[in-house]
1. State which residue pairs qualify: first residue acidic (Asp, Glu) and inside the range B:55-68, second residue surrounded by fewer than 19 Cβ atoms within 10 Å (Cβ to Cβ) in any location, beta carbons under 6 Å apart, and separation of 6 or more residues or different chains.
2. Does A:VAL92 qualify as being closer than 17 Å to B:PHE133 by Cβ and either at pLDDT below 95 or more than 8 Å from every other protein chain (Cβ to nearest Cβ) (or both)?
3. Any residue in the range B:188-195 that is away from chain A (no Cβ under 14 Å) and closer than 21 Å to B:GLN282 by Cα?
4. Considering the range B:158-170 alone, what residues qualify as being open to solvent by 10 Å² or more (accessible area, probe 1.4 Å) and either in contact with a Lys or Arg (Cβ under 8 Å, 6 or more places away or on another chain) or at the interface with chain A (Cβ under 9 Å from one of its Cβ atoms) (or both)?
5. Within the range A:1-60, track down each residue that is within 14 Å of chain B (Cβ to nearest Cβ), within 16 Å of the ligand (Cβ to nearest atom) and β-branched (Val, Ile, Thr).
6. Of all the strands (runs of 3 or more DSSP E) wholly in the range A:33-135, which have at least 2 residues that are of a type in the set (A, V, I, L, M) and open to solvent by less than 20 Å² (accessible area, probe 1.4 Å)?
7. Return yes or no: is B:LEU350 farther than 18 Å from B:THR288 by Cβ, in contact (Cβ under 8 Å) with a residue 12 or more places away in the chain and touching a strand residue (DSSP E or B) at 6+ places or on another chain (Cβ under 8 Å)?
8. Among the residues of the range A:10-19, which ones are surrounded by fewer than 18 Cβ atoms within 10 Å (Cβ to Cβ) and touching a residue at least 12 places away in the same chain (Cβ under 8 Å)?
Amino acid sequence: MPDPLPQDPELTTYFEGLRRGELLLQRCDDCARAQFPPRIHCTFCGSRAHVWEPSAGDGTVYAKTVNRRAPESAFEHLVPYVVAFVDLDDGVRVLARADAPPERVQTGMRVQVVADPNPPVGDGLIFRIRDGSETQ
Amino acid sequence: MGRPVSSIVGVAESALGTVSNETPLRMMASATLDALEEAGLKLADVDAIFTAGLPTWSPALEVADYLGLQPRHVNSSDVGGSSFEFHVAAADAAIAAGLCSVAVITYAATPRQDRAVPPLIREEPPYTVRNAFERPTGLFGPDIGPYALAADRYVHEFGVSATELAEVAVAARKWANLNPKAFRHGEPLSIDDVLNSPMVTDPLHTRDCCLITDGGGAVVMTSTDRAAKLRKQPIQVAGYGEAISHGSISLCRDLVLTGARVSSAAAYEMAGLGPADMDVVQIYDSFTITVLLSLENLGFCGPGEAGAFVQGGRIRPGGAFPLNTSGGGLSYCHPGRFGIFLLIEAVRQLRAECGERQVPGCRTALAHGTGGNFSSAATVLLTNEATGA
Ligand SMILES: [Zn+2]
């Protein structure tokens, strides 16, 4: 049984999307900018009008760290693993865990972020390394 | 902004290190009584309490109850480890506005007494950014993962080495070995010791991380006019500045441009001073990376230059840039919110009370607090000279 979703219009839309395998982003109907995490209003212009857009998940690793220890027992089987900020081409930054061994993940590389099909806790994001994006 | 109106007239620590059979409330009261005694003030003179971090619905009211006071003014604003630098700013403004006359800023915590391991997950509702968006990735919390991300970005942009980061921890230990109250007093530490300590979250090793100790402290402030009539040499607040860049690390826009850039610019402007005027510098050292990024954003060196800046013994005892002369959170004490100890050490250096670790000829000091995950920043400039009207 997955954890109950937060009772909140924007959070529920986002997390229901993840459970369907979709990464949904809010884009402002007035200023056209994307934002993350989702909220009632646009943090750039204050508008309450937005549309939900599925993201292709393409982005660049902004910063990473290798977890040598698990913060909670649900992650122990994954250690060591990378957690990284990924700057999506859509214009937002998201935090995601690497679906790749630490030695293959480099800051600045191109990756694809997707919904985690087997989240150890809650509902989250993972990323995969794009073919041809690894430097030797 | 006008010039500050207040001075620090008393400082004290509580018991530090591994403290048994003493609650944080008793430790705060003990430090407060000692700091008041130093100033020649009585408990009844206190009409404002500033505190943060006590896990209760209103920390300032809990402290007021324990002290037996009904203060005119209280402030429990909590922005993490830098809260007490924010409190100096708020206390100065409150004294200027006539809201209070004698302000006590105090803090104590006993994470070591309570349990050996700090919580890795904050107890918060499921809708916070940390719980809803960060926890499912397995980011190591609550602090080390975010600071490791900043360190990784810094390495990526500027190529700083693990050895350069380690120098911050080694220099702190050298100072701690001159401070009998330091938790690691008498224990040597080499660059290799840091580099060979276990990696927790790359690129931060165990010895890149601050201590976990018990401890507390108190700082007493009053108007500079009143301070002149008290027992101790008053230490004037010359300037201060505050900045909030984000709460959760997910909302941080640039991991290497910190709030220190904004807070220090405001503090320098208020004081009419600049980085070159500082004789001694106390920077929150939650992790070695915190110090390097703060040095740059406080204006002591340019972006990407801090790794080289700290080399050659510059920040060690006897060096040209005395930094974290108590031994810092890395080697002296760290009960969770270290900011109050930055103020205490800066004041003692300006009073020339630091014995073996005294920096000669100190007239101006900088104390810079960083709270949360590089979330909150406050810079306080102090001087032992009359700054003029
Ligand atoms: Zn907008």
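The values are calculated or read from the model by the stated rules, or taken from the named source; none is laboratory data. Quick caveat, the model's predicted, so the values are computed rather than measured. Every residue, glycine among them, receives a Cβ derived from its backbone with ideal geometry; neighbour counts consider all protein chains shown. SASA here: full protein model, heavy atoms, side chains in, ligands and nucleic acids out. Shrake-Rupley method; radii C 1.70, N 1.55, O 1.52, S 1.80 Å.
1. Pairs found: B:GLU62/B:THR56.
2. On the way: closer than 17 Å to B:PHE133 by Cβ: yes; either at pLDDT below 95 or more than 8 Å from every other protein chain (Cβ to nearest Cβ) (or both): yes.
So A:VAL92 fits the description; yes.
3. Of all residues in the range B:188-195, those away from chain A (no Cβ under 14 Å) come to B:188-195.
So of that shortlist, the ones also closer than 21 Å to B:GLN282 by Cα come out as B:189.
Among the residues of the range B:188-195, at least one is away from chain A (no Cβ under 14 Å) and closer than 21 Å to B:GLN282 by Cα, which makes the answer yes.
4. Listed by number, the list is empty, since nothing qualifies.
5. A:ILE40, A:THR43
6. Working: elements: A:50-54, A:58-67, A:81-88, A:93-98, A:110-115, A:125-129.
Where strands (runs of 3 or more DSSP E) fall fully within the range A:33-135 and carry at least 2 residues being of a type in the set (A, V, I, L, M) and open to solvent by less than 20 Å² (accessible area, probe 1.4 Å), they are A:58-67, A:81-88, A:93-98, A:110-115, A:125-129.
7. Working: farther than 18 Å from B:THR288 by Cβ: yes; in contact (Cβ under 8 Å) with a residue 12 or more places away in the chain: yes; touching a strand residue (DSSP E or B) at 6+ places or on another chain (Cβ under 8 Å): yes.
Here the answer is yes, as B:LEU350 does meet what is asked.
8. Residues of the range A:10-19 surrounded by fewer than 18 Cβ atoms within 10 Å (Cβ to Cβ): A:10, A:12-13, A:16, A:19.
If the condition is that a residue be surrounded by fewer than 18 Cβ atoms within 10 Å (Cβ to Cβ) and touching a residue at least 12 places away in the same chain (Cβ under 8 Å), then A:GLU10, A:THR13, A:ARG19 are the ones that fit.
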